[in-house]
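Heads up: the structure comes next, in structure tokens.
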Amino acid sequence: MPLLFSLHSNPKMAKSLADLTGLSLSPLELRHFADGEAFAKPLCPVKGETVYVLAATSRPVNDRLMELLVFVDALKRGKAKKIIGLFPYLGYARQDNPYPDEPFSAALIGKLLGQAGIDEGYVIDFHSPHLLGDFPFPMHNIPALPHLLERYPEKINDSFVLVSPDRGGVARVKEAGKLFPEAGFAFALKYRPSPNAAAVEGINGEVKGKHCIILDDMVDTAGTLVEVASSLRKEGALSVGVVATHGIFSPGAEERILEARFEHLLIGNTIEREYPLSCSEIEDLAGLFRVAF
């Protein structure tokens, strides 16, 4: 029987996944030295076993990443037969442009995980799924937005419009929208004047007199959501809701979300933390990983 380990990033999701698969969470040791260095190892034999590791590289991002790398290295040295990574959220995916003299961090993460010992991986809504084919091991992207959209608090019909917050998310939103062909589609004409800042020039698509749902893979500073929502309302939208997979919620995001007065905010539990009071619902996405077993 395979072993299932969970690092400290997603305890609730890990328990849900253990219940769904009938596996027990295997014991491990995870600690930090006085200077902050990470130490992690399994507390049971792994030799010859297929091992699953559930871990997200959410805040504190670099600590989570190093914990994952050193633990996978320990499993490899313990002669695990196969190491399969289950990543609710994998950071650095937004650094995905191979410009000269700039870090190509989305690809670098794949190299680090492969070097540590990951043999296969599953990630929920990776921000740059087109790069996963360049990872040095099979890495599978699991879309979460269709699952989340099915659980939206209102019945989605022809009075709704599904909105991508930018051109980059059009394919993601259209794929999720296949479940609701009667709904309309629109996307925001967004640009970034600087990192973590967003400006919207307008909306491409008819939203007047419609209930709009912004679909995105992540909410970080919430600046994009607020700008897009403002533009939708200026164009005559009756209401604006949000469906997003990863609730990063960097400092200031909660205040922006509260001020934006979204009708609904549905977020996946890929990042476990205290969520803004305005969240209508947090959806458990542990079941998406059953495809890996």
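Things to note:
- Here the calculated FRET efficiency for ASP158 and GLU259, from their Cβ-Cβ distance with R0 = 35 Å, stands at 0.70, rounded to the nearest 0.05.
- Built amide H within the under 5 Å cut-off of SER6, gap 5+: SER26, LEU54
- Principal-axis analysis of the Cα atoms of the chain puts helix 11-21 at an angle of about 80° to the longest axis.
- Computed FRET value (nearest 0.05) for SER230 with PHE104, which takes r as the C-beta separation and R₀ as 35 Å: 0.55
- Ranked by solvent-accessible area (1.4 Å probe, protein heavy atoms only, all chains present), the residues HIS32, HIS246 order from largest to smallest as HIS32, HIS246.
- Applied to the stretch 133-150, the Karplus parametrisation 6.51 cos²θ - 1.76 cosθ + 1.60 on θ = phi - 60° returns per-residue 3J(HN,Hα) values of x, 8, 5, x, 8, x, 10, 10, 8, 10, x, 10, 4, x, 4, 5, 5, 5 Hz, with x for Gly and Pro.
- Restricting the stretch 130-232 to trypsin sites (Lys or Arg not before Pro) that sit in a DSSP loop and have at most 11 other Cβ atoms within 10 Å of their own Cβ leaves ARG151, LYS155, LYS178, LYS208.
- For the pair PHE33 and ASN97, label points projected 7 Å from Cα toward Cβ lie 3.9 nm apart.
- Eligible lysines near LYS174 by straight Cα distance, threshold 29 Å, same-chain separation 8 or greater: LYS155, LYS190, LYS208, LYS210, LYS234
- In the chain, the DSSP-assigned H stretches of four residues or longer account for a calculated mean residue ellipticity at 222 nm of -7500 deg cm²/dmol, using -39500 (n - 2.57) per stretch and the full residue count as denominator.
- Sparsely packed loop sites in the stretch 125-223 (the GluC sites (Glu not before Pro) outside DSSP H, G, I, E and B with at most 16 other Cβ atoms within 10 Å) comprise GLU154, GLU182, GLU206.
- Eligible lysines near LYS47 by straight Cα distance, threshold 28 Å, same-chain separation 8 or greater: LYS12, LYS15, LYS76, LYS79, LYS81, LYS82, LYS111
- Loop GluC sites (Glu not before Pro), the stretch 34-136 (other Cβ atoms within 10 Å of the site Cβ: 16 or fewer; DSSP): GLU37
- Taking only protein heavy atoms and a 1.4 Å probe, the accessible area of the chain is 51% carbon and sulfur.
- Separation of the stretch 64-133 and the stretch 186-256, taken as the distance between their Cα centroids, equals 29 angstrom.
The values are calculated or read from the model by the stated rules, or taken from the named source; none is laboratory data. Quantities reported herein were computed from a predicted structural model and do not represent experimental measurements. Don't worry about glycine lacking a Cβ; one is built from the backbone with ideal geometry, like all the others, and counts go over all protein chains shown. Protein only, heavy atoms only, side chains kept; ligands, DNA and RNA dropped before computing areas. Shrake-Rupley method; radii C 1.70, N 1.55, O 1.52, S 1.80 Å.
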